[in-house]
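What follows is calculated from the coordinates using simple rules that are stated; it is not laboratory data. Predicted, not measured: the structure shown is a model, and the values here were computed from it. All Cβ positions, even for glycine, are placed from backbone atoms using ideal geometry, and neighbour counts span all protein chains on display.
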Amino acid sequence: MIIGASSFASPLEVLVNEVDSVELYVPKMELYEGRKLQHDRVRKVFDILSTSSGVTSVHAPYYADVPTYPAKLCVDTANMKGSDFRLMEESIELAAYFQSRVMVLHPGLVGNDRQDSLSKMVDNLKRLAEFADNHGVMLGLENKEGTAPGNLCCEAGELVQVVEDVNSGNLGITFDVGHANLTAGGRPGMVMEFMETVRPLVVHVHVHDNMGVWTDEYNGDVHMAPGSGTVDLEVIGEMEYGGIHNLEVFSMEDVIAGKEKLLAL
């Protein structure tokens, strides 16, 4: 198991000394001015990472209608235009530049017609997967939380179907156990069933905690330290997955607490 953490948990200089992997969260790293990539800032990140022997992953831009997310970097993978493709392709290029093991993608929005949105997303992901193949990057499509039903791929079956329909060796699944817990309403047996359904396609794992229910704060997706909510971490142990387990938490304190929990599995 490779234990990592998202870059928004701490300054990179500190984070690289605590975990074996860093997930570079592109939308919140201030690498962009609008949609223009600032190459000097990218080089600064590269210089910091070069002092560490750890590995990296990249989290691509996605759609979020909240004040804390940069509106210019919103991308709905079920409804993409030319500039959206260029932005996502640029993230793939960043992943290649940082020699990242995987780049995380969010599924798109349901929109007015679920089947139409799914079909468009599959076509868009085929294009991105081909671009990723040309750059030696693995993509991981993440399951979203069922407490925000406006998103596609909250359920395990739909997520697997999309990945199978894309049918690319460069697209797998980022299994987010916190999101699965919300989809399952905090019921451990259902989270385990979710994991078993996606397990053959998993290329990356996100770990964080919540109470398994909707709240008015982020639809319940509060990203607490593992062990502080209702997520059954035995699900992670049962996976027997040896790749990156990225702690998606907001502080170094929660990174340390989460690391201890994962090491105890």
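Quick notes on this structure:
- Neighbour-count ranking [beta-carbon atoms within 10 angstrom, fewest first] of 135, 106, 59: 135, 106, 59
- Difference of contour (0.36 nm per residue) and Cα-Cα distance, residue 51 to residue 265: 74.1 nm
- Length-normalised contact order for segment 55-126 - Cα pairs under 8 Å, 6+ apart - percent: 43 percent
- Exposure proxy for 173, 256: other Cβ atoms within 10 Å of each Cβ, ordered fewest to most, give 256, 173.
- Estimated from the Cβ-Cβ distance and a Förster radius of 41 angstrom, the FRET efficiency linking residue 130 and residue 252 is about 0.60.
- From least to most packed, judged by other beta carbons within 10 angstrom and beginning with the fewest, 46, 175, 194, 8 follow the order 46, 8, 194, 175.
- Once the Cα-Cα distance is subtracted from the 0.36 nm per residue extended length, the residue 38 to residue 119 segment shows a gain of 25.8 nm.
- Spin-label zone in segment 86-108 - amide nitrogen under 17 Å from a point set 7 Å from the Cα of residue 165 along the C-beta vector: 106-108
- Of 44/261; 81/144; 120/259; 36/81; 44/144; 72/261, pairs whose Cα-Cα distance is over 28 Å: 44/261; 120/259; 44/144; 72/261
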